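Undergrad: Below you will find the structure I want to go over with you.
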Amino acid sequence: MGINDLSDQARLAAIVESSDDAIVAKDLHGMVLAWNRAAERLFGYTAAEMIGHPITVIFPNDRMTEEAGILEKVGRGERIEHYITERRRKDGQIIRVSVTISPLRDDAGKIVGASKIVRDLTESDAHEQRIRELRAELVHVQRLSEMGQFISALVHEVNQPLTAISNYIGACRRLAAAGNQAGFELALDRIEGQTQRTRDVVQRIRDFVSKRQVALRPENLSRVVDEAIALARVSAPDEGLKLSVSIAPDALVYVDRIQVQQVLFNLLRNGIEAMQGLTSREIVVKASPDAAGMIEVSVADSGPGLSPVVRDKLFQPFVTTKAEGMGMGLSVCRTIVEAHSGRMWADPDGSGGAVFRFTLRAAA
Amino acid sequence: MPQRLPRIAIVDDDMAVLESTRFLLEISGHSAETFASPEDFLEESERAAFDRLIIDQHMPLLTGLEVVDRLRARGVNIPIMLLTGALTPDITTRARGMQLERVVEKPAGVQDLVDFVTARA
């Protein structure tokens with residue numbers, strides 16, 4: 001017997017049963033009237049276990065009060081669309097879901113209950129998380145590749161004058177040995193020219209680091225931090241790492257987003273690396289207004305803290321304790337913060353790990 | 001074996017490197033012709049053969065190895081010194097297949113350059 005041979009009612013029932021979405025129905029007292037196969041799969045309760053029982057069986061404790069509100073709206077004939085909430089499976093697992101609720105009417109049109117379609121958001125949450133991670137990775141790769149290209153170009157540009165200087169110096173020795181004063185002077189002039197060329201290249205490095213893309217804009221600090229964290233997590237994955245952020249959701253700062261993220265990225269990575277091998281690994285990022293009306297951001301780790309040797313050299317350029325040195329160095333971070341009219345420093349030795357702080361201008 | 005001084009070509013897109021290499025070789029008693037364009041060099045080498053070639057790898061239009069490839073394809077077997085700003089395994093491998101006398105990272109040692117030019121063919 002094919003689907004077209006069924007009566008309308010039987011056909012509708014078959015459609016509901018075979019739907020991939022969990023579909024349930026309840027009366028105005030919240031008692032379950034119907035429970036399809038997808039609901040059995042999603043919640044772990046069979047239809048026999050649920051029908052005739054309160055729907056609140058699947059409500060987590062902190063969501064119990066929702067039911068009264070839902071019933072009230074439904075009783076008024078209202079529909080609730082894509083309401084995002086949490087429910088609890090038979091095994092105790094809490095799942096994020098999207099619920100669409102419509103009034104159920106009898107033949108006379110009277111509202112006798114509600115029908116609900118429940119969609120599990122776990123997968124779409126996972127997708128969103130994955131998209132965030134991929135985006136962070138893409139930005140990271142773009143920056144690396146941009147950085148990589150810039151560095152290759154630099155190496156090339158420094159090498160050329162260096163080669164020329166090396167050749168002229170070789171020539172100078174021979175000219176001196178031969179007593180050729182004029183030739184010697186000429187070679188020295190050429191060396192001077194090439195030295196100036198190298199100085200220009202060095203200046204370009206400085207410009208690149210401190211002034212590249214300085215576009216100051218009001219930015220939501222919480223979002224800027226979240227993206228930097230996503231980046232850091234992608235670049236230094238650590239399953240057991242506990243990361244907490246305490247920043248007012250509406251805090252606005254006047255910054256170049258990319259540059260401030262570079263600072264945060266650097267501090268986060270340093271923290272993650274300092275805590276490698278420890279059982280308890282935690283990073284806390286906080287932001288709050290300071291006495292001068294700036295926003296002070298702090299990044300604290302639960303690592304061994306800064307040794308006196310390291311503390312001394314902390315903000316000096318080109319100092320790295322890392323084999324790969326992919327971070328830009330604290331000296332550059334400080335340059336960026338100062339270009340934003342802020343200050344950057346590390347807390348004096350305390351009982352815990354390292355705490356780095358920097359200030360940013362508040363926007364509006 | 002030619003008794004005259006070898007005819008040396010230097011090919012590099014950077015004028016300072018080109019000039020300074022020629023300067024050094026001339027002080028050491030050799031003369032060298034310089035080419036900022038590999039195409040010009042290839043044309044000239046067809047007109048009158050060179051005895052030795054010092055060539056840069058990283059050039060915008062044709063790389064050093066590509067020039068060497070064309071020379072070898074033409075049956076030109078002169079000693080060649082390849083200079084590169086960054087010696088990669090890829091370059092080393094390809095160079096081996098083309099019988100390059102030397103592959104050197106820039107800046108080349110002054111003695112290396114002079115030795116290469118004065119060595120007997």
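We did not get these values from a lab; they are worked out from the coordinates using the rules stated. None of the values given here were measured: they were computed from a predicted structure. All Cβ positions, even for glycine, are placed from backbone atoms using ideal geometry, and neighbour counts span all protein chains on display.
Undergrad: Where nothing but the Cβ of Lys and Arg (+1) and of Asp and Glu (-1) is charged, how large is the charge dipole of chain A around its Cα centre, in debye to the nearest 20?
TA: Value, rounded to 20: 1080 debye.
Undergrad: Given the C-alpha centroids of the stretch A:96-124 and the stretch A:27-74, what is the distance between them in whole angstrom?
TA: The distance from the Cα centre of the stretch A:96-124 to that of the stretch A:27-74 comes to 10 Å.
Undergrad: Distance from a point 7 Å along Cα→Cβ of A:Leu144 to each backbone N in the stretch A:217-238: keep the residues under 16 Å and list them by number.
TA: Inside the label zone: A:230-238.
Undergrad: Just counting partner chain Cβ atoms within 10 Å, what average do the residues of peptide B:21-30 show around their Cβ?
TA: For peptide B:21-30, the averaged partner shielding equals 5.
Undergrad: Sticking with this structure for a sec: I need the calculated FRET efficiency for the pair B:Gln99 and A:Ser298, taking r as the beta carbon distance and R₀ as 56 Å, to the nearest 0.05.
TA: Here the calculated transfer efficiency is 0.35.
Undergrad: Label points 7 Å out from Cα along the Cβ direction at A:Ser19 and A:Asp312: separation in nm?
TA: So the two model labels end up 7.2 nm from each other.
Undergrad: Near the amide H of B:Val103, under 5 Å away, which other amide H atoms are found, from residues 5 or more places off or on another chain, if H is placed in the peptide plane?
TA: Close amide H contacts, sequence-distant or interchain: B:Leu82.
Undergrad: Then there is this: Rounded, prolate or oblate for chain A? Axes are the square roots of the Cα gyration tensor eigenvalues, ordered a ≥ b ≥ c, and the cut-off for rounded is a/c under 1.5.
TA: Cα axes put chain A in the prolate bin.
Undergrad: Grab the Cα-Cα distance for A:Met64 and A:Arg37, subtract it from 0.36 nm times how many residues apart they are, and report the gain in nm with one decimal.
TA: Separation in residues times 0.36 nm, less the Cα-Cα distance, equals 7.3 nm.
Undergrad: Please check which bits of the stretch A:100-142 a label hung off A:Gln9 would reach, taking the label as a point 7 Å along Cα-to-C-beta and the cut-off as backbone N under 14 Å.
TA: Within reach of a label on A:Gln9, which here means backbone N under 14 Å from a point 7 Å along Cα→Cβ, the stretch A:100-142 contributes A:106-108.
Undergrad: For the stretch A:121-137, what does the Karplus curve 6.51 cos²θ - 1.76 cosθ + 1.60, with θ = phi - 60°, yield as ³J(HN,Hα) per residue in whole Hz, taken in order and with x for Gly and Pro?
TA: 8, 3, 5, 6, 4, 4, 4, 4, 4, 5, 5, 4, 5, 5, 5, 4, 5
Undergrad: Okay, moving on. What is the helix-to-structure angle for A:8-18, meaning the angle in degrees between its Cα long axis and the longest Cα principal axis of chain A, kept from 0 to 90 and rounded to the nearest 10?
TA: 40
Undergrad: Under 1.5 on a/c is rounded, so check that first for chain B, then, if it is not, pick prolate when a/b is larger than b/c and oblate when it is not; a ≥ b ≥ c are the square roots of the alpha carbon gyration tensor eigenvalues.
TA: rounded
Undergrad: If you average the alpha carbon positions of the stretch A:332-364 and of the stretch B:14-42, how far apart do those two centres end up, in angstrom?
TA: Using only Cα atoms to place each centre, the spacing works out to 52 Å.
Undergrad: Rounded to the nearest 20 debye, what is the charge dipole size of the stretch A:215-364 about its Cα centre when +1 sits on each Lys and Arg Cβ and -1 on each Asp and Glu Cβ?
TA: The calculated dipole for the stretch A:215-364 is roughly 180 debye.
Undergrad: Same structure again: According to the square roots a ≥ b ≥ c of the eigenvalues of the Cα gyration tensor, what is the shape class of the stretch A:186-287, taking rounded for a/c under 1.5, prolate for a/b larger than b/c otherwise, and oblate for the remainder?
TA: Note, shape of the stretch A:186-287 comes out oblate.
Undergrad: Next question. Amide H of B:Gly85 versus every other amide H placed in the peptide plane: which residues, excluding those fewer than 5 positions away on the same chain, fall under 5 Å?
TA: Amide H neighbours of B:Gly85: B:Gln57, B:His58, B:Lys106.
Undergrad: In a Gaussian network model over chain A where Cα atoms closer than 10 Å are linked, find which of A:Gly303, A:Gly69, A:Gly271 has the largest mean-square fluctuation.
TA: So, out of A:Gly303, A:Gly69, A:Gly271, the one fluctuating most is A:Gly69.
Undergrad: Can I ask one more? Rounding to the nearest 10 and keeping the result within 0 to 90°, find how far the Cα-based axis of helix A:66-75 lies from the longest principal axis of chain A.
TA: The helix A:66-75 is inclined about 50 degrees to chain A.
Undergrad: In debye to the nearest 20, how big a dipole does the stretch A:78-215 give about its Cα centre with +1 on each Lys and Arg Cβ and -1 on each Asp and Glu Cβ?
TA: 200
Undergrad: Between A:Leu252, A:Ile80, A:Ser115, whose Cα lies farthest towards the positive end of the dipole of chain A when Lys and Arg beta carbons carry +1 and Asp and Glu beta carbons carry -1, centred on the Cα centre?
TA: Among A:Leu252, A:Ile80, A:Ser115, the one farthest towards the positive end of the dipole of chain A is A:Leu252.
Undergrad: May I pose another question? As an exercise, use a Förster radius of 30 Å and the Cβ-Cβ distance of A:Glu192 and A:His156 to find the FRET efficiency, rounded to the nearest 0.05.
TA: For R0 = 30 Å, the calculated efficiency reads 0.90.
Undergrad: For q values of 0.15, 0.20, 0.23, 0.24 Å⁻¹, compute log₁₀ I(q)/I(0) with the Debye formula on a Cα-only model of the stretch A:262-301, without solvent.
TA: Evaluating at q = 0.15, 0.20, 0.23, 0.24 Å⁻¹ gives log10 I(q)/I(0) of -0.42, -0.64, -0.75, -0.79.
Undergrad: Under a 10 Å cutoff between Cα atoms, tell me which one of A:Ile165, A:Ile205, A:Ile272 has the largest fluctuation in the Gaussian network model of chain A.
TA: A:Ile165
Undergrad: Between A:Thr46 and B:Asp51, with labels modelled 7 Å along Cα→Cβ, what's the label distance in nm to one decimal, could you check?
TA: With each label point 7 Å from Cα toward Cβ, the separation is 9.9 nm.
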